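Some notes on the structure that comes next.
Just so you know, all these numbers are worked out from the coordinates, no wet-lab data involved. Quick caveat: nothing in here was measured; it's all calculated off a predicted structure. Cβ coordinates were reconstructed from backbone atoms using ideal geometry, including for glycine residues, and neighbour counts include every protein chain displayed.
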């Protein structure tokens, strides 16, 4: 954690300047209101304020490192009561100890010193509160900045994925091959041709209209993926087999828009396009520890010598989830024998 | 004269469309339809059709790989939704190339062209061969190479190849599993392989840089590359410069 006052010399000078001002006022009060000699006024002011200034620097770590998720008010209260008590104890006893090395023969000062304890406690609590307040403001401001940086990055990624999405939705291979199938069906099976045109139109409309930062119900996402998959089924017939195992409970839940279709496209590309055997794409969903677990499994031909590597599609989805939910590893995949499995975890606690 | 044709296409509606369009050509009889590269290649060699309708994106072998591996070279009409500038280059030099979806009129033009070529006694082979080079998408790098070894067809991922060696009219590809010959030029591989991974270190060698163990002095001025199977390959001075750049020597 970067200490705000050590970030630059300028910040440190501001901190020192503030304490010098406090020291001067402190000394002036002793000099004019308590009639203490200028020497002892200065010694007292410099000693106690320097000590507090040094201890005060360390208070930043209390503010920066204490994130209270559960009952923040109570925990914060306990933390600060403890730390202010400890700080005052150390501050006053260390100050008095050092002070005892100076001569105590100034009667006026000695008189003040013996009554100074409540005065010191009050000023200590006051300084403590001011410092903590400043630290909290700095911390809040840092958080705000960090969040805005994160948001800018998120927007950037969303914009690029939107572009990629557009490109992949209007994946020329898929689109032109589908149009070719329609062209064939207009002759052999006009009713089916019409059905396919409607599916293709609905698929394109959904893909283009979705803002990729928005949330939609899993039901809508699955419906769109089904449109895509059914078009591929018309092209490839029995070679593409589908199985969905999703409960009504899961259907209601919210997921980011256009998060599933690229994964199905990936399964079709590496499974169906490269295989002569039947390819099963199975989709399951269940709820686990406050998040929605969606798994997509497909078999593939292990003999196919193409780069089965995880395409850009999977990487993009993984990145999008990471940025939207601020959590790592929400997408896992594994390749085992002839099965490829992708597992998504979509957090649901918000 | 009856013309024997086959269709190699992995999508059912696309196949049906070809059947339908071919009704206009009663002189063409279809001996079969095949839905992947392997069975298509086998069918061409066994059935020896005069005309083949060949899709490009297919399981097992792509249409282009099928074409490379043919013994018997029929007239070929590609049918695909391939990207466009490659198509233009092809159209200038080949029998024909049908971009999906295509009309019955466009199809008829292609078939008539093919029929004309067939009646002129099969002199279309060199034309098709010259077309292959331009057909491969220029921006994507070669990822695998299909070779014939004996009666078997093998598809070798390029990362499995240790190095390429010039061998007369052929190029010999050395892999851990043995050597394979391909009737191509070194120049062809040099331009189509990923130049960050494969370096022409010598007139006779293109080396996969992943396999380099170390580079040693051969004599005062010349170097040799020692591979991780302890083979040593000579490096020419121009090859050494390329290699130095590639592996930040």
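Brief remarks follow.
- Mean shadow area of chain B, taken as a quarter of the surface of its Cα convex hull (nm²): 14.6 nm²
- Mean sequence separation of contacting Cα pairs (under 8 Å, at least six apart), scaled by the length of segment A:173-347, corresponds to a relative contact order of 18 percent.
- For chain A, the relative contact order is 11 percent, taking Cα pairs closer than 8 Å that sit 6 or more residues apart in sequence and dividing their mean separation by the residue count.
- Label-to-label distance for residue B:248 and residue B:27 is 6.5 nm, based on points extended 7 Å past Cα in the beta-carbon direction.
- The angle separating the long axis of helix B:12-22 from the principal Cα axis of greatest extent in chain B is about 50 degrees.
- Among A:275, A:114, A:129: highest mean-square fluctuation, GNM of chain A, C-alpha pairs under 10 Å: A:114
- Label-point separation, residue A:61 to residue B:105 (7 Å along Cα→Cβ), nm: 8.3 nm
- Only beta bridges with both residues in the protein assembly as shown are counted; by DSSP, about 70 percent of them are antiparallel.
- Relative contact order computed over chain B (Cα-Cα under 8 Å; 6+ residues apart), in percent: 10 percent
- The angle separating the long axis of helix A:312-325 from the principal Cα axis of greatest extent in chain A is about 40 degrees.
- Here segment B:144-247 has an Rg and Dmax of 13.5, 47 Å, counting Cα atoms alone.
- Helix A:38-65 vs. chain A, principal-axis angle (Cα, 0 to 90°, nearest 10): 20 degrees
- Both the radius of gyration and Dmax for segment A:4-151 are 18.0, 64 Å, in that order, over alpha-carbon atoms.
- Chain lengthening between residue B:169 and residue B:72 when straightened (0.36 nm per residue, less Cα-Cα): 33.0 nm
- Gaussian network model of chain B, Cα within-10 Å springs - most flexible of B:109, B:201, B:118: B:109
- Once both labels are positioned 7 Å from their Cα atoms along Cα-to-Cβ, the gap between residue B:159 and residue A:223 label points is 4.2 nm.
- For the protein assembly as shown, radius of gyration divided by Kirkwood radius, i.e. Rg to Rh on alpha-carbons: 1.22
- Ellipsoid semi-axes in whole angstrom, largest first, where each is sqrt(5λ) of the Cα gyration tensor of segment A:20-63: 26, 9, 6
- Debye log10 I(q)/I(0) at q = 0.09, 0.18, 0.19 Å⁻¹ for segment A:173-347, Cα point scatterers: -0.32, -1.24, -1.35
- Sites residue A:2 and residue B:142, calculated FRET efficiency, Cβ-Cβ separation with R0 41 Å, nearest 0.05: 0.25
- Computed on the Cα atoms alone, the convex hull of chain A gives a volume of 185 cubic angstrom per residue.
- The protein assembly as shown, helix-only ellipticity at 222 nm - DSSP H runs n ≥ 4, -39,500 (n - 2.57), divided by all residues, nearest 500: -17500 deg cm²/dmol
- Per residue, the convex hull spanned by the alpha carbons of segment A:169-268 comes to 98 Å³.
- Once the Cβ-Cβ distance of residue B:234 and residue A:315 is raised to the sixth power relative to R0 = 25 Å, the FRET efficiency obtained is 0.05.
- Note on chain A: with a GNM built from Cα contacts shorter than 10 Å, the maximum mean-square fluctuation among A:153, A:120, A:235 falls on A:120.
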